[in-house]
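Report on the structure given below.
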Amino acid sequence: METARAAERLDQAARLLPGPLRQRVAALPLERRAEVEELRLRRGRPLSFLTSEGEIFLPDTAVTGRDLDTVLELASASSVHTVLAQVKNGFVAVPGGHRLGLCGTGVVEGGALTNLRELSSLSLRIAREFRGLCWEVLPKLWGARGLESTLILSPPGGGKTTLLRDLIRAISAGEGCPPRRVGVADERGELAAVANGEPALDIGPRSDVMSACPKAVGMMTLLRGMNPQVLAVDEITQPEDVEAMLQAAGCGVALLATAHGGSLADLDRRPLYRRLMAQGIFGRVVLIENAADGRRYSVTDGEGRPW
Amino acid sequence: MVKLLGAACVMAGALRCGFGAVGRLWGRLQTLEELHAALAWLEEELTFRLTPLPRLLEELGRTRKGAAGRFFQETLRRLQADPEGGVYQSWRQAMVQCLPDLQPEERQTLLEVGQTLGRFDAQTQRQALLRGRQRLAAFRDEARGEARRLGRVYAALSLTGGTAIILLLI
């Protein structure tokens, strides 16, 4: 069942590919399709996909510049102008919660990347749902005060968002824990993929989503209006995000957040996170490591002691 | 009585020919006016709101009159039926179907606009829309002059032509 669902997610994302490439992806065996984490298109090279085993190329599938343009046109619903403004993020969120990373010749104005022309490669990261993925870590996130504020750490592509989404779902549904109202600040639409006001991805029955607005604004709006018991936010990158988290923590709300990093020491080297960690907000840290036999999750307290 | 009836038929036929031609002239002018207004509106939307193209086409299909409105509706229908084909293909096919009365250079202008729509950043699209709009304005002014000038000629010709045929037959 999970395999079929995972393959279905890939098929949904692959609808953005031009016909011949889409057919090659669709021809992969179901088990293989369920494993795909990312599709990669590079001009003049074969289409490839990423699994936990590494990057695998599909022979005889030379990607053309027209193919790249078509993907962007389909991803933007024939409105490239609406997504090019997002290139400063380095990627574009597409319907279904998938993420389209863009690479090409940058147009820089005032020192900031404002546009892209002549696409050279694209990466289509599949939004994945793994129900029960969080069961291994969830019991360790509860302490004497209830749910501890938790930071999920991994290098890019490590599965932080997937784990966070499943934690939101389980906590909101009261799966293996008391149910909680979860406010989700989903700036890029990757956690819930809200379409027409309804989440396309399962984030549980007690979750409220603020999407398409800056994380800090979303968090404060949820705090004021939705009375959340837990606030979830993906990828803290801005000082404003940290400020909003500090305020939320001061209101007695448990936080669930993700950040890029391979260890707590990595965070310590970045001023943005140093401040956040120094406040002792996070009672738990979940580290995700990619191993040959799959992903490993280890839980520590905020000081790095194994839990 | 039969002669009178025949004369009426001849006159009606002549007037129909003449005023049909006049109607086509004014119809073309109306289409150009509507297309010009549509491009101006698209330009504004892309400047201030970055609205997605399908929504713009939907709005234009609803608000623009006559052949221009049908053209935008058809472009949207084709785009939704075959998104992979892209905007340009839908635009081109809809143009052939809905705007057959346009002159070759007017068609070329619209095709050039269609080549950029939805495929580039807002600024590039705005530039193409501006160029297209300026050219359409020139075509529209020309069509207006032509409609006034030739309209009178066609109307007079149909009337005098019809009368001449009747006199010859009687």
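Some observations on this one:
- Residue count for the stretch A:182-222, restricted to those that are part of a strand (DSSP E or B) and closer than 21 Å to residue A:95 by Cβ: 12
- Residues of the stretch B:118-152 classified as part of a helix (DSSP H, G or I), within 14 Å of another protein chain (Cβ to nearest Cβ) and closer than 16 Å to residue B:38 by Cβ, total: 4
- Positions within the stretch B:73-97 being of a type in the set (Val, Ile, Thr) and more than 14 Å from every other protein chain (Cβ to nearest Cβ), in sequence order: B:96
- Unmet requirement for residue B:100, which otherwise passes all of (1) within 25 Å of residue B:138 (Cβ to Cβ); (2) in a helix (DSSP H, G or I); (3) more than 13 Å from chain A (Cβ to nearest Cβ); (4) of a type outside the set (Lys, Arg): (2)
- Verdict on residue A:37 being over 24 Å from residue B:86 (Cα atoms), in contact (Cβ under 8 Å) with a residue 24 or more places away in the chain and in contact with a strand residue (DSSP E or B) (Cβ under 8 Å, 6 or more places away or on another chain): yes
- Figure legend. Inter-residue proximity from the stretch B:30-46: first residues more than 14 Å from chain A (Cβ to nearest Cβ), second residues among the aromatic types (Phe, Trp, Tyr) and surrounded by fewer than 21 Cβ atoms within 10 Å (Cβ to Cβ), beta-carbon distance below 6 Å, spacing 6+ or different chains. Indicated pairs: B:32/B:139.
- Residue ranges of strands (runs of 3 or more DSSP E) in the stretch A:11-104 with at least 3 members over 18 Å from residue A:190 (Cα atoms) and under 24 Å from the mean Cα position of the chain (by Cα): A:38-42, A:46-51, A:54-62
- Only listed residue being touching a residue at least 24 places away in the same chain (Cβ under 8 Å) and surrounded by fewer than 21 Cβ atoms within 10 Å (Cβ to Cβ), chosen from B:167, B:159, B:111: B:159
- Note on the stretch A:111-138: among residues that are modelled with pLDDT under 85, among the hydrophobic types (A, V, I, L, M, F, W, C) and in a strand (DSSP E or B), the one that is surrounded by the most Cβ atoms within 10 Å (Cβ to Cβ) is A:116.
- Identity of the residue in the stretch A:81-103, over 24 Å from residue A:11 (Cβ atoms) and at pLDDT 80 or above, that ends up farthest from the other protein chains (Cβ to nearest Cβ): A:103
- Pick from the stretch A:139-182, criterion β-branched (Val, Ile, Thr) and touching a helix residue (DSSP H, G or I) at 6+ places or on another chain (Cβ under 8 Å), ranking: surrounded by the fewest Cβ atoms within 10 Å (Cβ to Cβ): A:162
- Verdict on residue A:276 being assigned to a helix (DSSP H, G or I) and either touching a Phe, Trp or Tyr at 6+ places or on another chain (Cβ under 6 Å) or at pLDDT 85 or above (or both): no
- Residue that is nearest to the chain's Cα centre (by Cα) [pool: residues in the stretch A:105-155 that are among the β-branched types (Val, Ile, Thr) and within 14 Å of chain B (Cβ to nearest Cβ)]: A:114
- Considering the conditions (1) more than 14 Å from chain A (Cβ to nearest Cβ); (2) out of contact with any helix residue (DSSP H, G or I) (no Cβ under 6 Å at 6 or more places or on another chain); (3) of a type outside the set (S, T, N, Q); (4) touching a residue at least 60 places away in the same chain (Cβ under 8 Å), residue B:105 is excluded by exactly one of them, (4).
- Taking the numbered list (1) farther than 19 Å from residue A:71 by Cα; (2) out of contact with any Lys or Arg (no Cβ under 6 Å at 6 or more places or on another chain) in turn, residue B:80 passes all entries but (1).
The values are calculated or read from the model by the stated rules, or taken from the named source; none is laboratory data. What you see is a predicted model, and the numbers here were worked out from it, not measured in a lab. Positions of Cβ are backbone-derived with ideal geometry, glycine not excepted, and every protein chain shown enters the neighbour counts.
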